[in-house]
Amino acid sequence: MMNLNALKIDPEFQGKIPPLTFEELNQLEANILRDGRIINPIIVWQGLIVDGHNRYTIAKKHPEIPFTVHEKDFASRYEAIIWICKNQLGRRNLTPEQKKYLIGKQYEAEKCANGGDRKSPAAKSGYGKRNLIGAPKTCYKVAAESGVGRTYVIEAEHYAKGLDAAEEAVPGTRQKVLSGEVKPTAAEIASVARAPPEERPALVAEICKSKEQKPSKPPAQKQKAPPAVAAPLPDVSTSDEEAPDEEPTSTPAPSELIFPQKENEPLKVDRQQILEIANSRYVPKRLADGTAMLCEVSGAANSMMRRWESVFREYPDILSDAENRASVERTIQKLRDYLKNLEDKMEELL
């Protein structure tokens, strides 16, 4: 049995795993304790866990429980991410948000593994051209494997990028969205990646508000329909067989918006309003004030503490090695100096 301390959690790999609910995690632990061992192996690549993060956590909590480790061989990190996404897509009942995120991350990794952007300098070089994937194109390949359309795959990539940007701006957002705790639209999530970095924390806070917190839209005023035009009376010489047996249908009012539909696609309600909301995210309408940006300060502090804890937990030699510890102490002193200067400025403003 491999030593648990030899296994490492890679944050990028772990971020692709849809989180278990509290009840699901408790049930998994109860099943393992009942069986007396961890049945499914923890799958790793070069010592990094690619599947079994929850089993790993439970194994560390109960070191007496036996477990097994299975080593996978991947050509690159991109190949490992592709495998993680496919594995999750095929194993669990996923929410629509989790499925869209995984397909988007798989598509993103597939493109990188097969040469990336064809217009990039790397792709135009000899090495890049040799590694570009041929037909069928990556997008169609992912769509066929996932049982979705090409448009869905492209939208999923934008969604995944937006969710990653939201997580970077406000740590914890990704889990809240994927678990269904908050339910912003796909267009709102995608808009985060296209917003300026300094505006993202406020944008994330806005789109993640509960429906009760968001201001309700005023009811649309009904427009008066144009006066009906009476149908002409049939000519007295017209027989009953020649007279129309259906009432004339009214044409849409000129002010009614009719949106184009794709073949076999149902008409979406308020589609124009959704597009206008999404597009309005890209153009700042007002400068953020201090109150709106408090989440940026809090998010940055929380992100630092979370990342430090993760590094110290997975790489304990940072604190045990004298040279590494001295470097950490110098960094801590810089933070102390900065916070002291900040406190002095705040006192001057009182």
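Proximity of backbone amide H atoms, modeled 1.01 Å from N, is registered between residue 51 and 43 at under 5 Å, excluding neighbours fewer than 5 places apart on the same chain.
Working from label points 7 Å from Cα in the Cα-to-Cβ sense, the residue 68 to residue 326 distance is 4.7 nm.
Here the range 158-199 has an Rg and Dmax of 9.3, 26 Å, counting Cα atoms alone. Residue order for 320, 179, 298, fewest other beta carbons within 10 angstrom first, comes to 320, 298, 179. Once backbone amide H atoms are built at 1.01 Å from N, residue 69 has 2, 42 as its partners under 5 Å, excluding neighbours fewer than 5 places away on the same chain.
Normalising by the residue count of the range 4-71, find the relative contact order in percent from Cα pairs under 8 Å and 6+ residues apart. Mind showing how you got there, number by number?
Numbers: 72 pairs, mean separation 26.5, N = 68.
Result for the range 4-71 is 39 percent.
Spin-label model, residue 309/residue 76: points 7 Å from Cα along the beta carbon direction are separated by 3.4 nm.
Compare the peptides 78-89, 5-16, 146-157 by average per-residue count of other Cβ atoms within 10 angstrom and give them in order, highest first. Before the final figure, lay out each step's value.
Numbers: 78-89: 20.3, 5-16: 15.5, 146-157: 17.4.
Put in order of decreasing packing, that is 78-89, 146-157, 5-16.
With 10 angstrom as the radius, rank 77, 307 by how many other C-beta atoms surround their C-beta, starting from the fewest. Could you put the intermediate results ahead of the total?
On the way: 77 17, 307 12.
Fewest-to-most Cβ neighbours within 10 Å comes out as 307, 77.
Inter-label distance, residue 40 to residue 350: 5.5 nm, where each label sits 7 Å from its Cα along the C-beta direction.
Across the range 62-72, rounded Karplus estimates of 3J(HN,Hα) from the backbone phi angles (6.51 cos²θ - 1.76 cosθ + 1.60, θ = phi - 60°) give 10, x, 7, 7, x, 8, 10, 10, 10, 8, 9 Hz, Gly and Pro being marked x. Each of 342, 28 has some number of other Cβ atoms within 10 Å of its Cβ, and from fewest to most they run 342, 28.
Only the coordinates and a few stated rules stand behind these numbers; no lab work does. Source: prediction; values computed, not measured. A quick note on method: Cβ atoms are made from the backbone with ideal geometry, for glycine too, and the neighbour counts reach across all protein chains shown.
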